[in-house]
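Asker: Let me begin by handing over the structure; questions about it come next.
The values are calculated or read from the model by the stated rules, or taken from the named source; none is laboratory data. This structure is a prediction, so every number in the text was calculated from the model and none was measured. Neighbour counts are summed over all protein chains in view; Cβ atoms, including those assigned to glycine, are modelled from backbone coordinates with ideal geometry. Side chains are part of the model used for accessible areas, which takes the heavy atoms of the whole protein and leaves out ligands, DNA and RNA. Shrake-Rupley method; radii C 1.70, N 1.55, O 1.52, S 1.80 Å.
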Amino acid sequence: MCHIVSSFYRELYKKTNQSEKYFETGKNIYRAEKKFNDNLKKDYIDFVKNSYVLDQMKKHERIAKIKIITLGGFVFLALISIIMGALQIKKLNRKNFTDALTLVYNRKYMDFLIEKPLKKPMNAAIVMIDIDYFKNYNDYYGHPAGDIVIKKTADILRKNLRKDDIVIRYGGEEFLLILKNADSEIFKDVYKRIAENLKNENILHEKSPVSDRVTISMGVCFKHFEKTLNLKESIKEADKALYISKENGRNRVTII
């Protein structure tokens with residue numbers, strides 16, 4: 001609007017021969033146009049600059065989001081890989097330490113326990129178990145039937161122990177129990193449950209001199225362990241007690 005008014009007066013001064021005012025108005029128009037163009041140019045440059053900065057910020061934000069998502073994906077995959085690896089190791093260890101027939105622990109697990117440091121000192125009952133006259137059972141009923149008896153015996157032992165107690169198939173028809181933090185009263189309670197459940201199973205054994213049903217003999221010793229479960233001497237003592245049970249007619253328990 002200012003530019004239009006100035007041009008009007010300039011033309012008026014030109015027609016009325018007012019040369020000084022004509023040239024002065026011309027200068028004003030030039031300065032006004034230059035200022036307008038400079039401001040316009042500056043505004044345009046600022047607009048372009050701000051647009052560029054905003055675009056770069058958006059670009060960096062997108063890149064940052066992509067990096068965060070990618071990093072999160074890598075972390076998630078790494079976590080899954082670690083979990084799967086740990087589960088696989090646990091599965092392999094469980095398989096390596098498990099007796100194939102009975103699904104209780106095997107001798108390898110016993111060797112592992114011997115080397116594993118204890119978190120704190122512990123009293124334990126070490127129990128050796130033998131199925132009475134098992135050879136006679138195998139010879140008369142056959143090995144497949146003998147395997148069933150071993151498996152059923154293992155099931156009874158496992159189901160009647162406490163949560164932290166351990167049952168190991170020591171070899172053939174022999175089992176080893178480790179009753180943690182157990183005294184004679186706790187052992188007697190465990191033994192009572194095992195004997196009752198084995199009796200209720202009512203497994204026929206026509207070739208046993210002590211009973212017409214499958215029975216077991218036990219030998220027990222109580223030990224205090226400081227740093228590791230050093231079972232070597234304890235097993236020897238429990239085995240001696242088991243021998244005494246066999247010598248005294250079987251189907252019984254001897255405690256040392």
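For every residue, the table says whether it meets (1) under 21 Å from Ile255 (Cα atoms); (2) hydroxyl-bearing (Ser, Thr, Tyr); (3) touching a Ser or Thr at 6+ places or on another chain (Cβ under 6 Å).
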{"residue": "Met122", "(1), (2), (3)": "yes, no, no"}
{"residue": "Ile126", "(1), (2), (3)": "yes, no, yes"}
{"residue": "Tyr140", "(1), (2), (3)": "no, yes, no"}
{"residue": "Pro144", "(1), (2), (3)": "no, no, no"}
{"residue": "Lys151", "(1), (2), (3)": "no, no, yes"}
{"residue": "Asp165", "(1), (2), (3)": "yes, no, no"}
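Asker: Of Asp164, Asp189, which residue is surrounded by fewer than 15 Cβ atoms within 10 Å (Cβ to Cβ) and over 19 Å from Tyr105 (Cβ atoms)? Steps first, answer last, please.
Answerer: Working: Asp164 fails: over 19 Å from Tyr105 (Cβ atoms).
Only one candidate passes the filter, namely Asp189.
Asker: Turning to a different aspect of this structure: Collect the residues in segment 178-201 that are among the charged types (D, E, K, R) and free of Cβ contacts under 8 Å to residues at least 60 places away in the same chain, keeping them in residue-number order.
Answerer: So in segment 178-201, the residues among the charged types (D, E, K, R) come out as 180, 183, 185, 188-189, 192-193, 196, 199, 201.
Answer for segment 178-201, where residues must be among the charged types (D, E, K, R) and free of Cβ contacts under 8 Å to residues at least 60 places away in the same chain: Lys180, Glu185, Lys188, Asp189, Lys192, Arg193, Glu196, Lys199, Glu201.
Asker: If Ala125 meets every condition in (1) within 20 Å of Leu101 (Cβ to Cβ); (2) modelled with pLDDT of 95 or more apart from one, which number is that one?
Answerer: (1)
Asker: List the strands (runs of 3 or more DSSP E) that sit entirely inside segment 163-256 and contain at least 1 residues that are over 40 Å from the mean Cα position of the chain (by Cα) and modelled with pLDDT of 95 or more. If you could, list the steps in order and put the result at the bottom.
Answerer: On the way: elements: 166-171, 174-180, 216-225, 253-255.
The qualifying strands (runs of 3 or more DSSP E) are 253-255.
Asker: Sticking with this structure for a sec: Would you please name the residue that is most open to solvent (accessible area, probe 1.4 Å), looking only at residues in segment 119-159 that are of a type outside the set (A, V, I, L, M, F, W, C) and over 20 Å from His205 (Cβ atoms)?
Answerer: Lys119
Asker: May I ask you to list the residues in segment 205-227 that are among the β-branched types (Val, Ile, Thr) and open to solvent by 50 Å² or more (accessible area, probe 1.4 Å)? If you could, list the steps in order and put the result at the bottom.
Answerer: Of segment 205-227, the ones among the β-branched types (Val, Ile, Thr) are 210, 214-216, 220.
Hit for segment 205-227 is Val210, nothing else.
Asker: Would you point out the residue of segment 228-256, among those that are among the small types (Gly, Ala, Ser) and closer than 21 Å to Asp111 by Cα, that is surrounded by the most Cβ atoms within 10 Å (Cβ to Cβ)? I'd like the intermediate steps shown before the answer.
Answerer: Taking segment 228-256 first, the residues among the small types (Gly, Ala, Ser) are 234, 238, 241, 245, 249.
Going one step further and asking which of them are closer than 21 Å to Asp111 by Cα, we end up with 234, 238.
On the way: Ser234: 22, Ala238: 27.
Taking the candidates together, the pick is Ala238.
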